[in-house]
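First up is the structure itself, then whatever we jot down about it.
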Amino acid sequence: MDDRDGDDDAYAKLVRRMNSPRVVIENDVCEHATVIQVDTVYRQGTLLEVVQALADLNLVITKAYMSFDGGWFMNVFHVTDDGGNKIRDEGILNCIEKALETDAYMVKSMGKMLLSKEHTLVELTGTDRPGLLSEVCAVLTDLSCNVVYAEIWAHNARAAAVIHVTDQSTGTAIEDPRQLSLIKELLYNVLKGLGDYRTPTVSISSPGVIHIGRRLHQMMFAARDFERPLSTEDDNSVRPSVTVSDCPDRDYTVVTATSIDRPKLLFDTVCTLTDMQYLVFHGTVNTSSDEAYQEYYIRHVDGLPVSSEAERQRVMECIQAAIERRATEGLHLELFTDDHFGLLSDITRILRENGLCPKRAEISTKNGKAKHNFIVTDVSGNPVEPKTIYLIRQQMGQTVIQVKGNLSMSPKFPQQTPRSFLFGSFFKCPSFQNFGLIKSHS
């Protein structure tokens, strides 16, 4: 490398330092929240990167103000931890500041996955139906694929999954072209179903860097989950209220959304606007009790506001879908146990045999332990009966299951049944004992 290359590198580093976000964190200006101010050079995707950083640090955003002025984007966020408390731990505050100020966040973010060469990435989209996840897991197990991490979303009769697998015999990425081709073919057959006019997608890729939440949004958008199936037209459930109107004096389109508040709501909305090629120039987010109000002044990347009724309708539908994808109602099951090959296939089979449909799932394994989270309903989308959980306890042996959410009431399970409880003592199940699952938990 000659001297000019060194000068170019030094200049590039200087420019990055000059344009790095300016972060100020205050705990004294607001009684109930920590206030984070982030000023950064404006470019496409800037807001998403900042919001993504806060979401991946599991911060709850209670208020936010965003404004573009003179080439700079100024953002103010009121945040708490998941218990509603200010962030006072110095280590966490330093982590927030470092994450927002440095480029290192783009690789090390908790919400991003730097795929190891030891993993193979499988991405799936298709029509959702009862038993689909169980069938996918059974195919992967039959093909000697070990699932080490996965996230699955289902919304408006569409499903998407990002799955990290390894070869069961080697513990490394799958490299045999014939095996990869067979995996793709069989998964496609499972996803295709009968009478489905929409073509499923199956992709198997080499390692790379992805943000899994954002990738799932992109996959669901590509699968057109914003189009509601005819079977849900008469659904009486409360949907997010979204309006798209003109602001002609400033050449903006104004998007407002009112919905139930929840974690990562701001990220989901901004992610969708960004992927739809809209720029946010000003915005406000307010939450009170369980409700959230969002307002954004946007233009398309070509500099124009929304220009047709069809485009206005699509923006409205896509924002509603973005809010709903992660807000699926259902019973939250968390399973923690010793991991073994085929465990996920066994668990999803038991859920299917007991009439439960996962609407979202997060699968993770580490150091010989498996931690799986499912949001489930019955096959009709109704609440889960307590007796169903009782049956699952019997079949899963000493697997630890934490249940969160409302269980529908049954004559055999009176209303004194707690809403959140830990199953730590289970019936022994021979099928699980054979897998070495039985282990005392103190």
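The values are calculated or read from the model by the stated rules, or taken from the named source; none is laboratory data. Everything quoted here is computed from the prediction, not taken from an experiment. Every residue, glycine among them, receives a Cβ derived from its backbone with ideal geometry; neighbour counts consider all protein chains shown. Protein only, heavy atoms only, side chains kept; ligands, DNA and RNA dropped before computing areas. Shrake-Rupley method; radii C 1.70, N 1.55, O 1.52, S 1.80 Å.
Looking at region 264-305 only, could you name the residues that are surrounded by fewer than 15 Cβ atoms within 10 Å (Cβ to Cβ) and in a loop (DSSP other than H, G, I, E, B)? Explain how you work it out, then say what you get.
Of all residues in region 264-305, those surrounded by fewer than 15 Cβ atoms within 10 Å (Cβ to Cβ) come to 277, 288-291, 301-304.
Gln277, Ser289, Asp290, Val301, Asp302, Gly303, Leu304, listed by residue number.
For His164, work out the one condition from (1) crowded, with 24+ Cβ neighbours inside 10 Å; (2) more than 17 Å from the chain's Cα centre (by Cα); (3) more than 12 Å from Met219 (Cβ to Cβ) it doesn't fulfil.
(2)
Checking Arg314 against (1) closer than 30 Å to Thr127 by Cα; (2) open to solvent by 50 Å² or more (accessible area, probe 1.4 Å); (3) without any contact (Cβ under 8 Å) to a residue 12 or more places away in the chain: exactly one of these is not met. Which one?
Only one criterion is unmet by Arg314, namely (3).
Which of the numbered conditions does Leu391 fail, given that it passes all the others? Conditions: (1) hydrophobic (A, V, I, L, M, F, W, C); (2) within 19 Å of Leu133 (Cα to Cα); (3) surrounded by fewer than 21 Cβ atoms within 10 Å (Cβ to Cβ).
Against the list (1) hydrophobic (A, V, I, L, M, F, W, C); (2) within 19 Å of Leu133 (Cα to Cα); (3) surrounded by fewer than 21 Cβ atoms within 10 Å (Cβ to Cβ), Leu391 comes up short only on (2).
State the number of residues belonging to region 32-78 that are more than 21 Å from Thr256 (Cα to Cα) and in contact with a Cys (Cβ under 8 Å, 6 or more places away or on another chain).
So the count comes out to 1.
Taking region 270-291, which residues are without any contact (Cβ under 8 Å) to a residue 60 or more places away in the chain and polar (S, T, N, Q)? Break it down into steps so the answer makes sense when it comes.
Here is the first cut: in region 270-291, the residues without any contact (Cβ under 8 Å) to a residue 60 or more places away in the chain are 272-273, 276-278, 288-291.
If the condition is that a residue be without any contact (Cβ under 8 Å) to a residue 60 or more places away in the chain and polar (S, T, N, Q), then Thr272, Gln277, Ser288, Ser289 are the ones that fit.
Can you name the residue in region 241-263 that is part of a strand (DSSP E or B) and within 24 Å of Thr80 (Cα to Cα) and, of all such residues, is most open to solvent (accessible area, probe 1.4 Å)?
Once the filter is applied, the top-ranked residue is Ile260.
Give me a count of the residues in region 246-296 that are polar (S, T, N, Q) and under 16 Å from Ser67 (Cβ atoms).
3
From Ser181, Ser206, grab the single residue that is open to solvent by 50 Å² or more (accessible area, probe 1.4 Å), more than 30 Å from Gly355 (Cα to Cα), among the polar types (S, T, N, Q) and at pLDDT 90 or above. So that I can check it myself, show each step before the final result.
Numbers: Ser206 fails: at pLDDT 90 or above.
Of Ser181, Ser206, the one residue that is open to solvent by 50 Å² or more (accessible area, probe 1.4 Å), more than 30 Å from Gly355 (Cα to Cα), among the polar types (S, T, N, Q) and at pLDDT 90 or above is Ser181.
Only residues in region 354-372 that are touching a residue at least 24 places away in the same chain (Cβ under 8 Å) and at positive phi count as the first member; pair them with residues that are in a loop (DSSP other than H, G, I, E, B) and surrounded by 17 or more Cβ atoms within 10 Å (Cβ to Cβ), Cβ under 7 angstrom, at least 6 apart or cross-chain, and list the lot.
Gly368/Asp339
Can you tell me which residue is farthest from Phe221 (Cα to Cα) among those in region 306-325 that are aliphatic (A, V, I, L, M) and in a helix (DSSP H, G or I)? Walk me through how you get there before you give the answer.
The first filter runs over region 306-325 and keeps only residues aliphatic (A, V, I, L, M), leaving 306, 310, 315-316, 319, 321-323.
Filter once more, so that each one left must be in a helix (DSSP H, G or I): 310, 315-316, 319, 321-323.
Values: Ala310: 17, Val315: 12, Met316: 13, Ile319: 10, Ala321: 9, Ala322: 9, Ile323: 12 Å.
Top of the filtered list is Ala310.
Could you check region 184-203 and list, in sequence order, the residues that are in contact with a helix residue (DSSP H, G or I) (Cβ under 7 Å, 6 or more places away or on another chain), over 30 Å from Gln52 (Cα atoms) and either among the β-branched types (Val, Ile, Thr) or modelled with pLDDT under 90 (or both)?
Val190
Working only within region 344-378, note down all residues that are open to solvent by 30 Å² or more (accessible area, probe 1.4 Å) and part of a helix (DSSP H, G or I).
Arg349, Arg352, Glu353
Sort out which residues of region 46-98 are in contact (Cβ under 8 Å) with a residue 60 or more places away in the chain, part of a strand (DSSP E or B) and open to solvent by 70 Å² or more (accessible area, probe 1.4 Å), and write them in order of number.
Those that are in contact (Cβ under 8 Å) with a residue 60 or more places away in the chain, part of a strand (DSSP E or B) and open to solvent by 70 Å² or more (accessible area, probe 1.4 Å): Lys63, Tyr65.
Can you spot a residue in region 138-153 that is open to solvent by less than 30 Å² (accessible area, probe 1.4 Å), assigned to a loop (DSSP other than H, G, I, E, B) and in contact with a helix residue (DSSP H, G or I) (Cβ under 6 Å, 6 or more places away or on another chain)?
Within region 138-153, one or more residues are open to solvent by less than 30 Å² (accessible area, probe 1.4 Å), assigned to a loop (DSSP other than H, G, I, E, B) and in contact with a helix residue (DSSP H, G or I) (Cβ under 6 Å, 6 or more places away or on another chain).
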